[in-house]
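**Q** The following block contains the structure, expressed as structure tokens.
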Amino acid sequence: MKKIMIDLDDTICQGGYLEILNDYFNTNYTYDDLDDYYVESLVPDGKLDEYLDYFYSGKVNVYDYSKPLPDAIEVIEKLSKVYDIYICSAYVDRRRVRGSGVMALFKHDWIIRNLPFIDPKKIILTGSKELVSCDIKIDDKFSNLKGCSDIKLLLDAYHNRDYDDDKLKSRNVRRVKSWREIEDILLDENVIGE
């Protein structure tokens, strides 16, 4: 079976990060306010350390707010019948290395709860995805699609729209807009049988 590495945040599930930030600072930011991958870019000057202390305290779990993206769970379950699926998510925050370990627990629990058909031994929680070797990679972050893979799918998101077709083509990356599009691509007999 071919191996697929699938990212978690903004690929399988979404939400939580901005909601927690808004709750903490009593703000009303939306994703349209972001021009960066990290919502912490919206934190007021001089307040980042205070906010990260709170975020990584274990008192708040971002995955209590996260919801699966449309069709993600259903399509991943279908794919799991013909592919060897690995969920691979980074959890290390270089700004708060010691505290970010709590994210591994939160991510693991969300995956177990929402993707019960995935073997827990196939959950990879890491600081870097570059070492993961597989046939197919699915991620929302362009830089996570480095390395050798036959198929690299970039799930469209607010933070990756500045990568034009030429940039994607130079890395053999294909932009996809939905999990239904992923299903159409990866359940094609020609792709499965290659």
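**Q** Could you count how many residues in region 8-33 are in a loop (DSSP other than H, G, I, E, B), under 21 Å from residue 91 (Cβ atoms), out of contact with any Ser or Thr (no Cβ under 6 Å at 6 or more places or on another chain) and not β-branched (Val, Ile, Thr)?
**A** 1
**Q** Taking the criterion of being farther than 24 Å from residue 178 by Cβ and within 15 Å of the chain's Cα centre (by Cα), would at least one residue in region 65-82 satisfy it?
**A** For region 65-82, residues farther than 24 Å from residue 178 by Cβ and within 15 Å of the chain's Cα centre (by Cα): absent.
**Q** What pairs can you find where one residue is in region 165-194 and surrounded by fewer than 17 Cβ atoms within 10 Å (Cβ to Cβ), the other is among the aromatic types (Phe, Trp, Tyr) and at pLDDT 95 or above, and their Cβ atoms are less than 7 Å apart, with a gap of 6+ or different chains?
**A** Once the first residue is surrounded by fewer than 17 Cβ atoms within 10 Å (Cβ to Cβ) and sits in region 165-194, no partner that is among the aromatic types (Phe, Trp, Tyr) and at pLDDT 95 or above comes close enough.
**Q** Which condition does residue 93 not pass, out of (1) closer than 19 Å to residue 9 by Cα; (2) in contact (Cβ under 8 Å) with a residue 60 or more places away in the chain; (3) out of contact with any Asp or Glu (no Cβ under 7 Å at 6 or more places or on another chain); (4) not hydrophobic (A, V, I, L, M, F, W, C), if it passes all the others?
**A** Only one criterion is unmet by residue 93, namely (2).
**Q** Restricting to region 130-145, what's the tally of residues that are surrounded by fewer than 21 Cβ atoms within 10 Å (Cβ to Cβ) and under 15 Å from the mean Cα position of the chain (by Cα)?
**A** Going through region 130-145 one residue at a time, the tally reaches 5.
**Q** While we're here: Considering only residues that are closer than 17 Å to residue 14 by Cα and in a loop (DSSP other than H, G, I, E, B), which ones fall in region 54-86?
**A** Listed by number, the residues that qualify are 60, 61, 65, 66, 69, 70, 71.
**Q** Hey, another quick one. Can you tell me which of 118, 20, 112, 85 is in contact (Cβ under 8 Å) with a residue 60 or more places away in the chain and under 29 Å from residue 179 (Cα atoms)?
**A** Going through 118, 20, 112, 85 in turn, the sole match is 85.
The values are calculated or read from the model by the stated rules, or taken from the named source; none is laboratory data. As the structure is a computational prediction, the values presented were derived from the model and not from experiment. Don't worry about glycine lacking a Cβ; one is built from the backbone with ideal geometry, like all the others, and counts go over all protein chains shown.
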